[in-house]
Amino acid sequence: MGMEFFDIHCHVLPKIDDGSQSWEETMKMVTRAHETGTTQLAITHHIINPKDFERENEIVEKYEELKERLKAASIPMKLHLGSELYYAHDLDLNHRIATYNDNKRYFLVEFPMQGIPKYCDEKFFEFIVDNRNPILAHPERNLGIIKNPMRAFELVQRGVLLQLNSGSLTGMYGEQVRQTAFLLLKAGLIHLVGSDGHNIMRRPLIIDEAYDYILSHYGERKAMKIFYENPWRAMNGDDIEIDEPMPVEAPAKKGFFKRLGF
């Protein structure tokens, strides 16, 4: 295969959130990631509300323990630490795990699945002016973006980076999410890919299939940027140069939202 993958979104430490529930599961998840070409992993557990930061020490301790366990098992996986912050208007980035590798710059943030929070564009712009860069997790799964993909274009124009879930391209979250993922990719709106791995079977730490798709449809240069260069820059707090985003329109899917009850 040759290519080394950098997975910037996973829930792999045991008993922190809805990800891994044991050290045995954690080790199986990381082993599988390694077997499928991932060499670097950013650990991003859910921070749903400010109280979750009270577990920061536990997360850091388990992160260090995972390094030791991987070393003992001779699994050459480089680890990075961050979190997946649930969007709030008063997001607090002054925590060791709030930004990737505590670089005070890049942070992974998710919206509620059912829509886009009010005034988030302005809030993100404030961060960006302050040299703090939001990376929006799995926009293709957000109903507000599925219904109106132009919102993704508007966010990117303001400086937000978008992270695609690898499983979205393989149909893991259904056809509508998959089609939205294709649209965003085509418009040059995807800058990073993560597994969003939670377990061994249903949501594994595998991104090689998504790499194969992007490589065959968009070429080696693009694949290299998305799967290695951009994540590496995000971990180091370096500038990420993005392609000029293109406006994107939703395909006419009559009756789809009706079926969903909208």
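If you go through region 48-56 one residue at a time, do you hit one that is of a type in the set (Asp, Glu), more than 21 Å from TYR228 (Cα to Cα), surrounded by 15 or more Cβ atoms within 10 Å (Cβ to Cβ) and at pLDDT 95 or above?
Yes, there is a match, as at least one residue in region 48-56 is of a type in the set (Asp, Glu), more than 21 Å from TYR228 (Cα to Cα), surrounded by 15 or more Cβ atoms within 10 Å (Cβ to Cβ) and at pLDDT 95 or above.
Tally the residues that are closer than 18 Å to ASN165 by Cα and charged (D, E, K, R), restricting the search to region 1-54.
4
Take the conditions surrounded by fewer than 16 Cβ atoms within 10 Å (Cβ to Cβ), under 22 Å from SER20 (Cβ atoms) and either in contact (Cβ under 8 Å) with a residue 60 or more places away in the chain or of a type in the set (Val, Ile, Thr) (or both) and apply them to THR44. Does it pass? Walk me through how you get there before you give the answer.
On the way: surrounded by fewer than 16 Cβ atoms within 10 Å (Cβ to Cβ): no; under 22 Å from SER20 (Cβ atoms): yes; either in contact (Cβ under 8 Å) with a residue 60 or more places away in the chain or of a type in the set (Val, Ile, Thr) (or both): yes.
Considered against the rule, which asks whether it is surrounded by fewer than 16 Cβ atoms within 10 Å (Cβ to Cβ), under 22 Å from SER20 (Cβ atoms) and either in contact (Cβ under 8 Å) with a residue 60 or more places away in the chain or of a type in the set (Val, Ile, Thr) (or both), THR44 comes out as no.
Would you check if ILE135 is part of a loop (DSSP other than H, G, I, E, B), in contact with a helix residue (DSSP H, G or I) (Cβ under 8 Å, 6 or more places away or on another chain) and crowded, with 20+ Cβ neighbours inside 10 Å?
Values: part of a loop (DSSP other than H, G, I, E, B): no; in contact with a helix residue (DSSP H, G or I) (Cβ under 8 Å, 6 or more places away or on another chain): yes; crowded, with 20+ Cβ neighbours inside 10 Å: yes.
When the stated conditions are applied, ILE135 does not pass them.
Quick check, is LEU70 within 21 Å of ASP17 (Cβ to Cβ) and in contact with a Phe, Trp or Tyr (Cβ under 8 Å, 6 or more places away or on another chain)?
Details: within 21 Å of ASP17 (Cβ to Cβ): yes; in contact with a Phe, Trp or Tyr (Cβ under 8 Å, 6 or more places away or on another chain): no.
No, not satisfied.
Looking at (1) among the β-branched types (Val, Ile, Thr); (2) surrounded by fewer than 17 Cβ atoms within 10 Å (Cβ to Cβ); (3) under 22 Å from ALA210 (Cβ atoms); (4) within 16 Å of the chain's Cα centre (by Cα), which is the one condition that is false for THR38?
(2)
Can you tell me which residue in region 1-33 is surrounded by the fewest Cβ atoms within 10 Å (Cβ to Cβ), limited to those that are aliphatic (A, V, I, L, M) and part of a loop (DSSP other than H, G, I, E, B)? Spell out how you get there, then give the answer.
Within region 1-33, the first condition is being aliphatic (A, V, I, L, M), and the residues that meet it are 1, 3, 8, 12-13, 16, 27, 29-30, 33.
Add one more test, that the residue is part of a loop (DSSP other than H, G, I, E, B), and what stays is 1, 3, 12-13, 16.
Values: MET1: 9, MET3: 15, VAL12: 28, LEU13: 22, ILE16: 20.
By that ranking, first place goes to MET1.
Can you pull out every residue in region 211-239 that is of a type in the set (A, V, I, L, M, F, W, C), in contact with a strand residue (DSSP E or B) (Cβ under 7 Å, 6 or more places away or on another chain) and crowded, with 18+ Cβ neighbours inside 10 Å? Walk me through how you get there before you give the answer.
First, pick out the residues of region 211-239 that are of a type in the set (A, V, I, L, M, F, W, C): 214-215, 223-224, 226-227, 232, 234-235.
Pick out the ones that are also in contact with a strand residue (DSSP E or B) (Cβ under 7 Å, 6 or more places away or on another chain) and you get 226-227, 232, 234-235.
Passing the criteria: ILE226, PHE227, ALA234, MET235.
Using the structure shown, decide if LEU162 is under 22 Å from PHE107 (Cβ atoms), in a helix (DSSP H, G or I) and not polar (S, T, N, Q). Full working, then the answer.
On the way: under 22 Å from PHE107 (Cβ atoms): yes; in a helix (DSSP H, G or I): no; not polar (S, T, N, Q): yes.
Criteria not met by LEU162.
If you go through region 207-246 one residue at a time, how many are among the aliphatic types (A, V, I, L, M) and at pLDDT below 95?
Going through region 207-246, the residues among the aliphatic types (A, V, I, L, M) turn out to be 207, 210, 214-215, 223-224, 226, 234-235, 240, 242, 246.
Those left that are additionally at pLDDT below 95: 242, 246.
Qualifying residue count for the region: 2.
Can you tell me which residues in region 15-69 are on the phi < 0 side of the Ramachandran plot and among the basic types (Lys, Arg)?
LYS28, ARG32, LYS51, ARG55, LYS62, LYS67, ARG69
Can we say ILE75 is under 20 Å from ARG158 (Cβ atoms) and not in a helix (DSSP H, G or I)?
Numbers: under 20 Å from ARG158 (Cβ atoms): no; not in a helix (DSSP H, G or I): yes.
Here the answer is no, as ILE75 does not meet what is asked.
Return the residues of region 171-205 that are in a loop (DSSP other than H, G, I, E, B), under 15 Å from the mean Cα position of the chain (by Cα) and within 22 Å of LYS15 (Cβ to Cβ); say none if nothing qualifies.
Result: SER195, ASP196, HIS198, ARG203, PRO204, LEU205.
The values are calculated or read from the model by the stated rules, or taken from the named source; none is laboratory data. On a predicted model such as this, the values are computed, not experimentally measured, just so you know. A quick note on method: Cβ atoms are made from the backbone with ideal geometry, for glycine too, and the neighbour counts reach across all protein chains shown.
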